[in-house]
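Here's the structure, in structure tokens; my notes come after.
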4 protein chains.
Amino acid sequence: MSKLRVAVLGAKGRIGSEAVRAVEGAEDLELVAALGRGDTLETLVEAGAEVAVELTEPASVMDNLEFCVRHGIHGVVGTTGWTDERLARLRGWLDASPRTGVLIAPNFSIGAVLTMRFARQAARFFESVEVIELHHPNKVDAPSGTAARTAQLIAEARREAGRAAQPDATTTALDGARGADVDGVPVHSVRLRGLLAHQEVLLGGEGETLTIRHDSTHHSSFMPGILLGVRRVVTTPGLTFGLEHFLDLD
Amino acid sequence: MSKLRVAVLGAKGRIGSEAVRAVEGAEDLELVAALGRGDTLETLVEAGAEVAVELTEPASVMDNLEFCVRHGIHGVVGTTGWTDERLARLRGWLDASPRTGVLIAPNFSIGAVLTMRFARQAARFFESVEVIELHHPNKVDAPSGTAARTAQLIAEARREAGRAAQPDATTTALDGARGADVDGVPVHSVRLRGLLAHQEVLLGGEGETLTIRHDSTHHSSFMPGILLGVRRVVTTPGLTFGLEHFLDLD
Amino acid sequence: MSKLRVAVLGAKGRIGSEAVRAVEGAEDLELVAALGRGDTLETLVEAGAEVAVELTEPASVMDNLEFCVRHGIHGVVGTTGWTDERLARLRGWLDASPRTGVLIAPNFSIGAVLTMRFARQAARFFESVEVIELHHPNKVDAPSGTAARTAQLIAEARREAGRAAQPDATTTALDGARGADVDGVPVHSVRLRGLLAHQEVLLGGEGETLTIRHDSTHHSSFMPGILLGVRRVVTTPGLTFGLEHFLDLD
Amino acid sequence: MSKLRVAVLGAKGRIGSEAVRAVEGAEDLELVAALGRGDTLETLVEAGAEVAVELTEPASVMDNLEFCVRHGIHGVVGTTGWTDERLARLRGWLDASPRTGVLIAPNFSIGAVLTMRFARQAARFFESVEVIELHHPNKVDAPSGTAARTAQLIAEARREAGRAAQPDATTTALDGARGADVDGVPVHSVRLRGLLAHQEVLLGGEGETLTIRHDSTHHSSFMPGILLGVRRVVTTPGLTFGLEHFLDLD
């Protein structure tokens, strides 16, 4: 069987260089191009790339994807900064190239994606849900984007199930003790030297609790998700938003 | 709206008496009979029971269900000891009463059911999976039935996905250190005063781990599952095995 | 060997009735009196009580202890509401009865006492420390008194060791995300159905974290501490404040 | 204040090179020599080293320490392979150089040292104790040396306190389910991709559990312990075995 021909854009970056190694290490994939800043996109065509892994930055991702889609090269995209307007332009290019597929994933960690999905599914069965996220102390925002998104998914699931507000008899509290309120779900942010990126969803009902915890200890955790995206995007024309659609859950 | 008329069989037992209280406490349900050892099943008909919650013992469950199904009373069954032969007899009775439904659930804890489901779904995405179950020290078997079942579901999912054996470089080990081998999945049993029933599924891949933990601290945790079963069984004719089929997880 | 003669004051209360059972179940102790509201203290003398376990309420504890100390009956006290003025009066009575001992313990759970001690000892070795306490949702205050006290002990230990403020690069945060600030130590309060009383101290340094977690699942957890207090107070004249002084931790 | 003059032996190794950076980064220390294989020990004298951090291997550690002690250079030693005979020889050299100090530490992680100490201190207060250690799947031995040592310390503390055997009603068990028996303490070894080195000590009594967990995520976690050793060894003549003696835990 011939190998799938893969290019990496943003190949000099921290995640990009890891992706280069991951593609090289996969038996069914062949790395045919590794582009850094200043390299020409024509290389992708000359190298016969079938899939481009896009790990650059918001300023260059649109040009890169326009070129790829126009040349029938599938895309697996980790670059952020997506707006409705950008997505609409991308969809336009894909309409004109109906056999090409693009996967955009805000998070390539399969563990993080599963955590969000399981939290959403479990949410309506429990009276109480809270989220604790724990990161290294150099992080500038609190809560993390993933934790805020998880809390919103939980809140949505509770609303759809007609769940009442969470029980909480607190009458006397120090400021901040009960966490941030994200759509009715308390979210607590811990910043601790020695940690990288961790998240815990606690669900509680009468006589039982369910805890879903994701620990990310190295950005190599993104590689299985990127490789899975590469293998699946070639048979999934159009735009796919979110790695969960490639996980064949349910 | 008229309330659903519910009977409890085995109403004097530990779980049964809890179920009596739970039915009484539910606004949409009415407790119409609570039978203990020696009480006659005719009471169910006289009381106009629509659903019977069966929490007796293997020696009586078959007679109880035959009576219920024959009289069109739906069943929600927590009693254990099911064999293929017993299930076949029950199916025969249900064939003769095509509008009656029976739910048999080995575990009514929604948290335990979700833990098994999530573990099975996540299993194929991770190189390594182990199960730790922790119980009070009066438990006579190790590992717990739930942990063994969880490990089997994980092993099945890995086989279906073509996953290789788990990585393990151990060459020197004390007897028992690496746990029990259940179908290729290591299972560890902790027995500790102060605990009731707990289970942790650890999944690990490059750079990340996912942990799903269920803590059961009181047998009241079975009540939400029993009530959910009562409400759903009346519109689900035939035999349903496992609470998960009533959880509407897509 | 003759048994130690023990009385329980407040014997009808939730903790008191548990204490009655615990004393009755201990081979080296004999329950000689169990007083409820309205019972006369003279009973203690008539029964020949050597130790009184005081589990009543702030309104009665002073009269009870005055009587006990005057009659040379040692005290083990779980009742709260201690002020400097009250302690001074108690010390006065003890000065006049130099062979009598009284132990006052804000917390009889040995696990909780050890958690505080270990947290205090470990605090100065780590750059970061945060406290998470988790309780049932009927609790009215946040954080718990134990968590606030733990955070203060940690803060004190850090100050004594000349530790700088904790690293925290947060610039954008939702209100409350980073918890309550107790003397420079972030404290997070989770309120979840299915929980009772739990506390986790997280300490982090370069490349490692240390976590000390206490789970209290039943108020029977106070009994070993009460019995230990009873056995030790008879040979410890004067006032002892805090169970930790009886744990012989070197 | 003049800086303490420090040399690193084994400076090219994984831990040694980290130690070089750590010494260079410390304001009160000055790196005066970094020796690799083949470099001459005379350099230490020429450089005016006051403390030598010994991170080589069992084959060279004795010659290195003999030289250091003879020249009045204090030692901080991470190299393993210590026997009674070797320790006796080292003590002989130190007797002849009464102002020189040597610290040998089997583990420089302060978190690991505290975990062992806290586990030992808490052990006698709880009916049940078990140890779970979790490592990457390339580890060849199970349980880890640290876990086995922790279990022995726990067993010793229980024996000294006259504690009975742990409660365990298990009558039916799969082989290995209850872990390895280390001196009466069950030890469970998990091997999971995505982990580095982790240990959890679970202690349980009536109504409560205490958990002490150490997570080591990078070997940089040894550096604070090494630096603390360097600073303290200069005022601690003779042989000190174990970092705990420098932690000033009362």
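Brief remarks on what is shown
- Taking every C-alpha pair closer than 8 Å and separated by at least 6 residues, the mean separation divided by the residue count of chain D gives a relative contact order of 22 percent.
- All C-alpha to C-alpha distances of the range C:1-46, sorted into 5 Å bins beginning at zero, yield P(r) values of 5, 24, 30, 22, 14, 4, 1 percent in whole numbers.
- Coil-residue trypsin sites (Lys or Arg not before Pro) of the range B:66-119, DSSP, other Cβ within 10 Å capped at 11: B:Arg99
- Per-residue ellipticity at 222 nm from helix content only, as computed over chain A with -39500 (n - 2.57) for each DSSP H run of at least four residues, stands at -10500 deg cm²/dmol.
- Shape of the range C:57-194, Cα gyration tensor, a/c cut at 1.5: prolate
- Inter-chain Cβ neighbour average for residues B:109-116, partner chain, 10 Å: 5
- In plain terms, the C-alpha convex hull of the range A:47-94 casts an average shadow of 3.1 nm² when viewed from every direction.
- Seen from a random direction on average, the alpha-carbon convex hull of chain A projects onto 16.1 square nanometres.
- Cβ-placed point charges (K, R +1; D, E -1), dipole of the protein assembly as shown about Cα centre in debye, nearest 20: 20
- Under a model in which nothing but the beta-carbon of Lys, Arg (+1) and Asp, Glu (-1) is charged, chain C shows a dipole of about 180 debye around its Cα centre.
- With K and R counted +1 and D and E -1, the other residues having a Cβ less than 15 Å from that of C:Lys3 yield a net charge of -3.
- Helix B:84-95 vs. chain B, principal-axis angle (Cα, 0 to 90°, nearest 10): 40
- Alpha-carbon centroid distance for the pair the range D:167-244 / the range B:158-196, whole angstrom: 19
- Listed residues D:Leu44, D:Leu192, D:Leu90, most fluctuating in chain D (Gaussian network, C-alpha, under 10 Å): D:Leu192
- Scanning residues 5 or more positions from C:Gly238 or on other chains, those with amide H under 5 Å from its amide H are C:Thr100, C:Gly101, C:Val102, with H placed 1.01 Å from N in the peptide plane.
- Listed residues D:Glu30, D:Glu206, D:Glu133, most fluctuating in chain D (Gaussian network, C-alpha, under 10 Å): D:Glu206
- Alpha-carbon gyration tensor eigenvalues x 5, square-rooted, for the range D:160-250, Å: 35, 20, 13
- Nearest-0.05 FRET efficiency for C:Met62 and D:Ala161, computed from C-beta distance (R0 30 Å): 0.25
- Per-peptide average of other Cβ atoms within 10 Å, ordering D:211-220, C:163-172 highest first: D:211-220, C:163-172
- Across peptide B:194-202, the mean count of Cβ atoms from other chains lying within 10 Å of each residue's own Cβ comes to 5.
- Oblate is the label for the range C:106-154. Its Cα gyration tensor axes, ordered a ≥ b ≥ c, give a/c of at least 1.5 and b/c at or above a/b.
- Acute angle (nearest 10 degrees) that the helix D:145-160 long axis makes with the longest principal axis of chain D, alpha-carbon atoms: 60
- Computed over protein heavy atoms with a 1.4 Å probe, the accessible surface of chain D works out to 40 Å² per residue.
- Most fluctuating residue given options C:Met62, C:Met223, C:Met116, as computed from a GNM of chain C linking Cα atoms under 10 Å: C:Met62
- Net charge contributed by nearby residues that have their C-beta within less than 13 Å of A:Leu103 (K/R +1, D/E -1): 0
- Taking every residue in D:161-169 and counting other chain Cβ atoms within 10 Å of its Cβ, the average works out to 3.
- Anisotropy class assigned to the protein assembly as shown is oblate, per the alpha carbon gyration tensor with a/c at or over the 1.5 cut-off and a/b no larger than b/c.
- Based on the reciprocal of the average 1/r between different C-alpha atoms, the Kirkwood radius for the range C:1-81 equals 12.4 Å.
- Local net charge near C:Gly92, Cβ-Cβ under 15 Å (Lys/Arg +1, Asp/Glu -1): -1
- Gap separating the Cα centres of the range A:3-60 and the range A:85-130, nearest whole Å: 23
- Using alpha-carbon coordinates, inclination of helix B:223-233 to the longest axis of chain B, degrees: 60
- Surface share of carbon and sulfur [accessible, 1.4 angstrom probe, percent] for the range D:109-216: 47
- Pairing chains B and D buries close to 3200 square angstrom of accessible surface in total, based on protein heavy atoms and a 1.4 angstrom probe.
- Straightening the chain between B:Glu244 and B:Arg89 buys 53.5 nm, computed as 0.36 nm per residue apart minus the Cα-Cα spacing.
The values are calculated or read from the model by the stated rules, or taken from the named source; none is laboratory data. What you see is a predicted model, and the numbers here were worked out from it, not measured in a lab. So basically every Cβ, Gly included, is an ideal-geometry build from the backbone, and we count neighbours across all protein chains shown. Heavy atoms of the whole protein, side chains included, go into the accessibility calculation; ligands, DNA and RNA do not. Shrake-Rupley method; radii C 1.70, N 1.55, O 1.52, S 1.80 Å.
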